[in-house]
1. Out of curiosity, is THR92 exposed (fewer than 15 other Cβ atoms within 10 Å of the Cβ) and in contact with a helix residue (DSSP H, G or I) (Cβ under 7 Å, 6 or more places away or on another chain)?
2. Name the single residue that is modelled with the highest pLDDT among those in region 3-33 being in contact with a Ser or Thr (Cβ under 7 Å, 6 or more places away or on another chain) and farther than 18 Å from ARG121 by Cα.
3. Might you let me know whether region 81-91 holds any residue that is outside any loop (DSSP other than H, G, I, E, B) and either more than 17 Å from the chain's Cα centre (by Cα) or within 14 Å of VAL132 (Cβ to Cβ) (or both)?
4. Looking only at residues in region 113-156 that are of a type in the set (Lys, Arg) and assigned to a strand (DSSP E or B), which one is surrounded by the fewest Cβ atoms within 10 Å (Cβ to Cβ)?
5. Just to check your reading of the model, which residue among GLY28, GLY52 is of a type in the set (Gly, Ala, Ser), closer than 15 Å to GLY155 by Cβ, touching a residue at least 60 places away in the same chain (Cβ under 8 Å) and surrounded by fewer than 17 Cβ atoms within 10 Å (Cβ to Cβ)?
6. Within region 31-43, can you find the residues that are surrounded by fewer than 22 Cβ atoms within 10 Å (Cβ to Cβ) and farther than 17 Å from ASN81 by Cα?
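The values are calculated or read from the model by the stated rules, or taken from the named source; none is laboratory data. Note that the structure is predicted; figures quoted are calculated from it, not measured. We place every Cβ from the backbone using ideal geometry, glycine too, and count neighbours over all the protein chains shown.
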Amino acid sequence: MEVPGWWRSNSRVGLWNEDSGTMTTPYGGQALWIWHDRYATTTNITDTMVEGTTYTVSFNVAAENALGGIQYRAELLAGTNVLAYSDGGPVTSSDFSATTGSVSFVSTTNSPGLGEALGIRLRYVSGDWHYVIGFDNVRLVADEPAEWGRTLFYGK
């Protein structure tokens, strides 16, 4: 199943329906699931990185049946540049409200990727390949000087 707004590394990434009973999310009826050593990258963020801005990616994460000891990584991108990442796990809950994560980056004059499109990549790094990891409530917020924070991305 296609995941709107995301590029999948292969068919082992998709949308998980809450009614499956193996993960619980208060953020809607579906979440992004990723199977062993796969990843998904956003495709619909049109904003580009500008100097002097703090970018923060936040998300909730869960594991199928709370099993698998799954390690994950969330990456903030500007073009092909990985600006910052957050490693996490093992994920020990099947309830998305139990585990949150975030990664932030402050852009400067010398930051790689200035002017390039922003992106988010979510990865299943390691764990028992019998289980999948899920991401939900994924957000990218830009806090610019003299402005309120703007949400640049919100979705699965």
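1. yes
2. PRO26
3. No; the residues of region 81-91 include none that is outside any loop (DSSP other than H, G, I, E, B) and either more than 17 Å from the chain's Cα centre (by Cα) or within 14 Å of VAL132 (Cβ to Cβ) (or both).
4. The qualifying residue surrounded by the fewest Cβ atoms within 10 Å (Cβ to Cβ) is ARG150.
5. GLY28
6. Across region 31-43, the qualifying residues are TRP35, HIS36, ASP37, ARG38.
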